Each structure stands twice: as structure tokens, then as C-alpha cells.
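> This is the structure I have questions about; it appears just below.
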Amino acid sequence: MPYSQNYDVLIIGSGGAGLSLALKLADHSMRIAVLSKFALTAGSTYYAQGGISAVFGADDSIESHIEDTLDAGAGLCDPEIVRLTVTHGKSSIDWLREQGVIFTEEQTASGEIKLHLNKEGGHSHRRIVHTADATGKAVSLSLIERAQEHANIDLFEHHNVVELITDSKEGDKRILGAYVLDSKKQEVRTITARVVVLATGGASKAYLYSTNPQSSTGDGIALAWRAGCRVSNMEFMQFHPTCLYHPHAHSFLISEAVRGEGGKLILPDGSSFMQHFDPREELAPRDIVARAIDHEMKKRGIDCVYLDISHKPEQFIREHFPTIYQQCLEFDIDITKQPIPVVPAAHYTCGGVLTDSYARTDIANLYAIGEVACTGLHGANRMASNSLLECLVFAERASEDILQKLSGISPPPPIPDWDESQVSDSDEEVVVSHNWEELRRFMWDYVGIVRTDKRLSRAMNRVELLKKEIAEYYGNFRVTSDLLELRNLVIVAELIIRCAQQRKESRGLHYTLDYPETDNSKPAQNTVLTP
Ligand SMILES: Cc1cc2nc3c(=O)[nH]c(=O)nc-3n(C[C@H](O)[C@H](O)[C@H](O)COP(=O)(O)OP(=O)(O)OC[C@H]3O[C@@H](n4cnc5c(N)ncnc54)[C@H](O)[C@@H]3O)c2cc1C
């Protein structure tokens, strides 16, 4: 029997962004619901390895972090948002430590204990605060523990949002709540709230190969788009150059450090190829290496290339890459003797739901924070480790705005239950799995690392067909988690293609053979789509 529940704030997503916001609000006597469509650890946050960027080093400065971020963003970062985010770096790390996150420390020559700082691509200084090589896990587990302890927060696992609920008042849309599928019980319930926050993560699962967990299907972007929000910069999808290629390996990254320590990229015949693309060869920036691999794979019709570190002494490899060594061995690949099969993989969604500096969207009382949002921080290319920082800073900004406004927002009116009277159980689940595979394959082949006008229009033709088929299926059958994800993914795919088609230049992460140069004849423009 479907039932309705009422909250002050409904947060969709239990990653770094969603849980930070819940904890920042929870001491202010309000009822908060946090949903995750799978387990609470399902999002990308749990898998983040490197860390969180923040200025702590004696030789570092806010200005330098700003400059590096603007450089990476290739002319499309919003300088005010970059400054706002970067200046909140230290306070964000302090807040995480108050929540119990333990970061790696070091002892200086004078005996002082300080945070240990790593250096990553694009950063001119050491400024990556981390917990060994599993920062996301440390953050995620601490925040979950704090949230579980808090009496004002209700956590719902395996609750997948079907649709946002809105109404219009004097021409302006406002949010009222969401219809939510309890996927264990297979029933759709109504959750109303005065404020709703999308913290659903990115959309990298729109691609065949992705470093992201299963949850990154861009649901928040599709939900917001259907509800009437603008979406921006979806063409800027970041690809990581080297993800393990194996039928049973899901989303396992082969760290850039392997190339840093002398790993060579080779073709199936053993010949190297990076020298044809960049004088820095294997040490060229991520996007150049990813593009080179993609070029070779497409030209030769091969499934993967190989990363070979086996020329290094066995002990060196085992000591430097214990996790990669172990993980590959589980797939019968001994990296001390054999090259590692690798493919580039979709890693981070720079675009998303357009938000302002308080994480507000186009719909009253609907916010978007974390990877689902397009705040203006990343521009055309995200700098490593700025994304977890963005989650924390915009959770803080949204909490400030919500605390100021909440008492003035009236509770939603009664909402009709989800109507299942016209649908039946599907007898053709194969349609969903087939369309999933087809979509992710053509997005990879036609809308991936190297694009052309022809490839984009081929992909758009397929999106149109799939949209019709999925709409018909959705209209006839009871919703399932897989169907909801597919329905969202096809919208996300369309938004990526439309943004890519609008950009008649190559810039940052968007590279097209038809316009291979960056257009510097006029100021750089964000791509904004209006529903
Ligand atoms: C392998 C890997 C390594 C990374 N390393 C780093 C790093 O070192 N530093 C860094 O800054 N960034 C890193 N990133 C990126 C960073 O982890 C993410 O950008 C960030 O964690 C996103 O956090 P989030 O809270 O926005 O979303 P997520 O952590 O992805 O959480 C999304 C949540 O939304 C829920 N959800 C989604 N759709 C629905 C729905 N329809 N209904 C209900 N719930 C839903 C999910 O269940 C989940 O709880 C890495 C990413 C990956 C994949």
C-alpha cells in the first residue's frame, strides 16, 4: 500500500555532497530525509582515491590554487565561483576532521605534525589532503556514521527517485517533493518536502567504459531537466586514460603513477605509439593520452591497448603498486611479467544542472550540489581533486541559504499517490538491458573522446529511436530501478550530444575533428540548454 511521508528537507544522494549538507542542517531542529538508490556507500565519493585540494602548504597560496583551476578550465571557469570555492578549502577540511575523518599526517624535521600533502596533475603546489590512497572511503564512512547517529536524519537505502513533484504558483515553479521507488518492496511512495536537494552525482555511466560506480547514471540531471531546469556544459566529459580492460573488472583505475614510473603504452603487436602524439610521450596530460589511445583503438578496430611496466624489477613493481598488482593478479594478469590491457574510461561530468553560488536551480526550493551541478568551478576541464572540495563548499552554501529561507516556505499541499492502475509487470526485461548496452556503446563510439559532426548526428538519430521505445515501455510497465536509470540515461545522452553539437570548436575536454582549434576570436561561451 503506497504511503506518503513529509520532511522539511529531502536530500537525494548519500555521497560527499548529500551527507555533508544533511549534517550541516541537522542541528537546526528540522526533519531531513537522505535517499540512496543503492547502499549508502554507492556513489563515487566512496571510490575517490587521490584526495581533496586545499591550500595548507607554506609555499602555497589561494591565488595559486585559483590560477591553476582557471588554467585547467580552458577559459570557461567562473572566476568568482573559483575564488569562493578555493577560499573555503581549509574550513572544509577542518569540518571533515570534526566529523571524524582522519587524514594522513607527517612529522616535519622540527617535530611538528602536519597534514601530508600530495601533488597531482595541474596543481603547481602540493595541496592534496588525503587518507593514504583511499580518501573517499574515509570521508564516506565517517559521514555515514555521523548521519546514522543523528536523530533528525532518516536514511533510506535502495530508494530510487522516479520523478520530482512540482507545481506552478503565479507562473513560477516550486518543488513539492518526489515520487520514490522502494526497490526492495517494489512500491512507489510519495515523499513531500519544503526543500529538495539533488546530490545524485555524475553521469559517466552513459559510456561503455567508466571508472564510476553503477550509481552514476545522471539521474539528477534528467530529473531536473524534465522538471524544467536549465542544464549546462554537458559536452565536457572527462576521460581517464587507463582503466583495466577485462570482462569481469568493473571500473578499476590503473593509476597515472604507473606511467610516471616508466610504464609504456603499446599496441597488440608490442610497438609503442605515444611518440607520434606528444613529445612528452606517456607523460603527456590526461586528455592527450586518452585521445591518443582512442585514436589507435578506432583506427585499428582493437578493443584495448596495453600498459607495460614489466621491464621494471619485480620487487619495484610489487612495492610501488601493491593494489594494482594484486587486483590484476585476481584477473590472471601478472603485471611483473605481462602488459596490462587498458582502455580510457569516462570519469567525471563537468557539466550538469545550472546553479548559482548558493546551489539554487531554476525551480524555487530545489537545489543541486556535487557532481550533478554545474557551478562554474570546472569550466571546460576539471582539475584533479577539486570535485570533492566542490561537494563540501556547495553543501555549506546550500545550508546557509536553506537555513535562512526554510521558515518562510509553506509545507506542500496533499499530493496524489503514484498511479499504477494503467501498467502491468514487464514480460520483456530484455528490452531494458539491450537498450542500456546499445546506448552506452554508441555514446562510447560516437560521442566519446574524439568527436565529429557526423558521429554526433549518428548518435542523435539513435537517441531519438531509443527515446520513443523507452517512453512506450515506461507508459506500459511498472517501473523498475533499471528502467528508471535507462530513461534518465537516454536524456543525459541527448543533452551531451546537443551540447557537443552546439560547440563549434575544440576546447578543454571537448575535441572534434571538424573544429580542431579553440576559437579565440570571441569570448569563451558556456553551453546552456533550456527545456
Ligand atoms: C574512481 C574515482 C576516483 C576519484 N578520485 C577523486 C579524488 O581523488 N578527488 C576528487 O576530488 N574527486 C575524485 N573523484 C570524483 C569524486 O569522487 C566525485 O565527483 C564526488 O565524489 C561526487 O560526489 P557526490 O556526492 O556529488 O555524488 P556521489 O558520491 O556519486 O553520490 C551520489 C549519490 O546519489 C544517489 N543517487 C543517484 N541517483 C539517485 C536516484 N535516482 N535516487 C536516489 N538516489 C540516487 C546514489 O545512490 C549516491 O548515494 C573520483 C571519482 C571516481 C569514480
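> If you roll a 1.4 angstrom probe over the protein chains with everything in place, what fraction of the accessible area of region 430-519 belongs to carbon and sulfur, to the nearest %?
That share works out to 47 percent.
> Further, regarding this structure: Just from its helices, what would the mean residue ellipticity at 222 nm be for the chain, if runs of 4 or more DSSP H residues each count -39500 (n - 2.57) and the sum is divided by every residue, rounded to the nearest 500 deg cm²/dmol?
Value at 222 nm, helices only: -11000 deg cm²/dmol.
> If R0 is 25 Å, what FRET efficiency do you get for residue 445 and residue 184 from their C-beta distance, rounded to 0.05?
For residue 445 and residue 184, the calculated efficiency is 0.10.
> Work out, step by step, the length gained on full extension between residue 409 and residue 331: first 0.36 nm times the residue separation, then minus their alpha carbon distance; give nm to one decimal.
22.6 nm
> Please report the relative contact order for the chain, taking Cα pairs under 8 Å with a sequence separation of at least 6, and give it as a percent rounded to a whole number.
Relative contact order of the chain: 21 percent.
> For the chain, build the charge dipole from Cβ charges (+1 Lys, Arg; -1 Asp, Glu) around the Cα centre, then report which of 520, 92, 125 sits farthest towards its positive end.
Ranked along the dipole, the leading option is 520.
> Then there's this: Can you pull the percent of Cα pairs in region 64-194 with separation above 19 Å?
When every Cα pair of region 64-194 is considered, 70 percent fall beyond 19 Å.
> Whenever you get a sec, compute what percent of the accessible area on region 55-164 sits on carbon and sulfur atoms (1.4 Å probe).
Here carbon and sulfur together make up 48 percent of the probe-accessible area.
> What length, rounded to one decimal in nm, is gained on full extension from residue 170 through to residue 298, with 0.36 nm per residue of separation minus their alpha-carbon distance?
40.8 nm
> Over the alpha carbons of the chain, what is the largest minus smallest coordinate on each principal axis, giving the biggest first in Å?
67, 61, 52
> Rounded to the nearest 20 Debye, what is the dipole magnitude of the chain about its Cα centre when Lys and Arg each give +1 and Asp and Glu each give -1 at the C-beta?
Using Cβ point charges on Lys, Arg, Asp and Glu, the chain gives about 700 debye.
> Determine the gain in length on full extension of the stretch residue 400-residue 151; use 0.36 nm per residue of separation and subtract their C-alpha separation, reporting nm with one decimal.
Length gained, residue 400 through residue 151: 87.6 nm.
> Given the C-alpha centroids of region 393-439 and region 473-531, what is the distance between them in whole angstrom?
So the separation of the two Cα centres works out to 21 Å.
> Right, here's the next one. Compute the distribution of all C-alpha to C-alpha distances in region 430-519, in bins of 5 Å from 0, and list the percent of pairs in each, rounded to whole numbers.
Going out from 0 Å in 5 Å bins, region 430-519 shows 3, 14, 26, 20, 14, 10, 7, 4, 2, 0 percent.
> Counting only protein heavy atoms and a 1.4 Å probe, tell me what percentage of region 244-344's accessible area is made up of carbon and sulfur.
C and S fraction of accessible area: 50 percent.
> If each Cα of region 244-344 is one equal point scatterer, what is log10 of I(q)/I(0) from the Debye formula at q = 0.16, 0.21, 0.23, 0.24 Å⁻¹?
Those come out to -0.65, -1.13, -1.33, -1.43, one per q.
> In addition: Where does region 201-292 land on the Kirkwood hydrodynamic radius, alpha-carbon pairs, in angstrom?
Here the Kirkwood hydrodynamic radius works out to 15.4 Å.
> Shifting gears a bit: Sorted by accessible area with a 1.4 angstrom probe, largest first, how do 67, 80, 314 fall?
Result of the area sort, largest leading: 80, 67, 314.
> Per residue, how large is the accessible surface of the chain? Use a 1.4 angstrom probe and give square angstrom.
Here the residues of the chain average 41 Å² of exposed surface.
> Still on this model: Counting Lys and Arg as +1 and Asp and Glu as -1, each charge on the Cβ, what is the dipole of region 294-426 about the Cα centre in debye, to the nearest 20?
With Lys and Arg at +1 and Asp and Glu at -1, about 600 debye.
> Hey, which lysines would be in cross-link range of residue 504, C-alpha to C-alpha under 28 Å, not counting anything within fewer than 8 residues on its own chain?
205, 298, 299, 454, 467, 522
> Which GluC sites (Glu not before Pro) from region 127-193 combine a DSSP loop assignment with at most 15 other Cβ atoms within 10 Å?
Passing both the DSSP loop test and the Cβ count: 170.
> Using alpha-carbon pairs under 8 Å, 6+ residues apart, how would you state the relative contact order of region 244-344 in percent?
Computed over region 244-344, the figure is 32 percent.
> Please list, in order, the residues from region 214-243 whose amide nitrogen is less than 11 Å from a point placed 7 Å along the Cα→Cβ vector of residue 474.
222-227
> When Lys and Arg each count +1 and Asp and Glu each count -1, what net charge do the other residues less than 14 Å away from residue 127, Cβ to Cβ, add up to?
Overall, the nearby charge balance is -2.
The values are calculated or read from the model by the stated rules, or taken from the named source; none is laboratory data. All figures in this text were calculated on a predicted structure; none of them were measured in a lab. In this analysis, Cβ positions are derived from the backbone assuming ideal geometry, glycine residues included, and neighbour counts consider all displayed protein chains. Side chains are part of the model used for accessible areas, which takes the heavy atoms of the whole protein and leaves out ligands, DNA and RNA. Shrake-Rupley method; radii C 1.70, N 1.55, O 1.52, S 1.80 Å.
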